[in-house]
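**Q** Got a structure for you, written out below as structure tokens; questions coming shortly.
The values are calculated or read from the model by the stated rules, or taken from the named source; none is laboratory data. Just so it is clear, the structure is predicted and the values come from calculations on it, not from any experiment. As a convention, Cβ positions derive from the backbone with ideal geometry for all residues, glycine included, and neighbour counts pool all protein chains shown.
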Amino acid sequence: MNMVGAPKHVDKAITAGVDYICAQGTEAGGHTGEIGTMALIPQCVERCRGHKSKLDGSPIMVVGAGGIVDGRGVAAALNLGAKAVWIGTRFVAATESHASDRHKKTVCDIGPLDTTRTLIYSGRPLRAFKSPYVQKWHADEGKINELCAKGVVPFSHDLKQAQDKGEHFDLAGNFPQLLGQGCGLIHEVKPAGEIVNELMADTIESLRSSTSLICRL
């Protein structure tokens with residue numbers, strides 16, 4: 001499986017021999033592109049149409065991702081042509097998750113506008129919590145672009161400078177908390193099994209609700 005953030009990436013992935021395409025919209029946490037999930041999934045489905053897996057000859061399928069945290073999101077992705085979904089942020093706030101308690105609390109406490117795409121952590125766009133540290137960097141976009149153009153990651157730059165000067169660097173507070181815009185629908189940490197059961201039940205309910213909108217002719 002190859003994850004893509006734009007329809008144009010699908011063709012190269014198919015040529016390379018993938019069996020599945022994960023179409024991840026910009027709403028997702030972590031590294032992500034600029035296209036929203038609702039627009040991206042059906043376009044990737046169109047690109048995959050008629051192509052088959054080199055492994056077993058089955059149709060190449062699309063997995064939807066980005067902002068999907070409950071059954072409504074799963075149902076929407078399936079209705080857009082995806083055959084499965086990839087869910088990340090919801091499981092950050094799972095009891096079994098190895099994310100820090102700080103990270104889990106952030107997922108449950110904030111909303112979609114509290115996230116942003118930033119270059120400061122890796123030099124490539126990724127969505128993370130818009131912490132005071134992130135906001136401070138984005139007050140000087142020129143500096144971010146200047147460092148990245150030189151191949152220097154701003155976060156690593158800060159860490160090295162602090163080490164060289166013997167200064168304290170709040171690693172825990174400044175560390176990236178990756179999460180998607182679906183965080184606004186997550187309000188508590190739950191066991192993964194409970195999350196899965198809720199996802200399945202809510203997906204079924206959403207799909208049934210959708211079909212009930214069709215009138216009998």
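**Q** Restricting attention to the stretch 174-217, and to residues there that are buried (at least 17 other Cβ atoms within 10 Å of the Cβ) and of a type in the set (Ser, Thr, Tyr), which single residue is nearest to VAL107 (Cα to Cα)?
**A** Per the criteria, the residue is THR203.
**Q** What residue, of ALA13, ALA82, is farther than 25 Å from THR116 by Cα, in contact (Cβ under 8 Å) with a residue 12 or more places away in the chain and not assigned by TED's automatic domain parsing to the domain that holds THR116? Spell out how you get there, then give the answer.
**A** Working: ALA13 fails: in contact (Cβ under 8 Å) with a residue 12 or more places away in the chain.
Step by step, each of ALA13, ALA82 is checked, and only ALA82 is farther than 25 Å from THR116 by Cα, in contact (Cβ under 8 Å) with a residue 12 or more places away in the chain and not assigned by TED's automatic domain parsing to the domain that holds THR116.
**Q** Right, next: Looking only at the stretch 18-49, which residues are touching a helix residue (DSSP H, G or I) at 6+ places or on another chain (Cβ under 6 Å) and not in a helix (DSSP H, G or I)?
**A** ILE21, ALA23, GLY25, GLU27, GLY29
**Q** Out of all the residues in the stretch 98-119, which are among the polar types (S, T, N, Q), in contact (Cβ under 8 Å) with a residue 40 or more places away in the chain and surrounded by 15 or more Cβ atoms within 10 Å (Cβ to Cβ)? So that I can check it myself, show each step before the final result.
**A** Pass one, the stretch 98-119, residues among the polar types (S, T, N, Q): 100, 106, 115-116, 118.
From what is left, the residues that are in contact (Cβ under 8 Å) with a residue 40 or more places away in the chain are 100, 106, 115.
The answer is THR106, THR115.
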